[in-house]
Amino acid sequence: MAYASTDAKQQAHELIDRMVPSQVSALVTLLKVMLDPVSVALANAPYDDEPISEDEARDLDVARASVAHGEGIPHEQVLAELGITQEEINNYQGPK
């Protein structure tokens, strides 16, 4: 794809101008996340390669087996325990 401008910001503006409103909204959310200092810190954080203990490994095996047998915790129950609703998740606007 050829661009009329070699300036990256100008190219971004040109591409945004061609987007439908829902794409612009999604892009704004993405940009907010990209510029959020916590998101940047997490993205740049080193991989956690700390070894897990035998107890943690055993707990993971139990949890994975539980999920494999359909015994996981329903999504609605997790939300209730966290005190949030699916509607709140659906309407979340990201960092301001």
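Values in this text are rule-based calculations from the coordinates and carry no lab data. The structure presented is a predicted model; accordingly, all values stated were derived computationally and were not measured. Every residue, glycine as well, gets a Cβ built from its backbone with ideal geometry; the counts of neighbours run over all protein chains shown.
Considering only His75, Thr29, Asn90, the residue lying farthest towards the positive end of the dipole of the chain is Thr29, judged by Cα position with unit charges set on Cβ.
With +1 on each Lys and Arg Cβ and -1 on each Asp and Glu Cβ, how big is the dipole of the chain about its Cα centre, in debye rounded to the nearest 20? It would help to have the intermediate numbers written out before the result.
Details: 6 positive and 17 negative charges, 158 e Å.
Dipole about the Cα centre, nearest 20: 760 debye.
Evaluated with a Cβ-only charge set (Lys, Arg +1; Asp, Glu -1), segment 44-86 carries a dipole of roughly 260 debye about its Cα centre, given to the nearest 20.
Maximal additional length on extending the Gln11-Lys32 stretch stands at 5.6 nm, based on 0.36 nm per residue less the C-alpha distance.
Helical content of the chain, expressed as a calculated mean residue ellipticity at 222 nm, amounts to -19000 deg cm²/dmol (DSSP H runs of 4 or more residues, -39,500 (n - 2.57) each, divided by residue number, nearest 500). With respect to the chain, whose longest principal axis is taken over its alpha-carbon atoms, helix 21-35 is tilted by about 70°.
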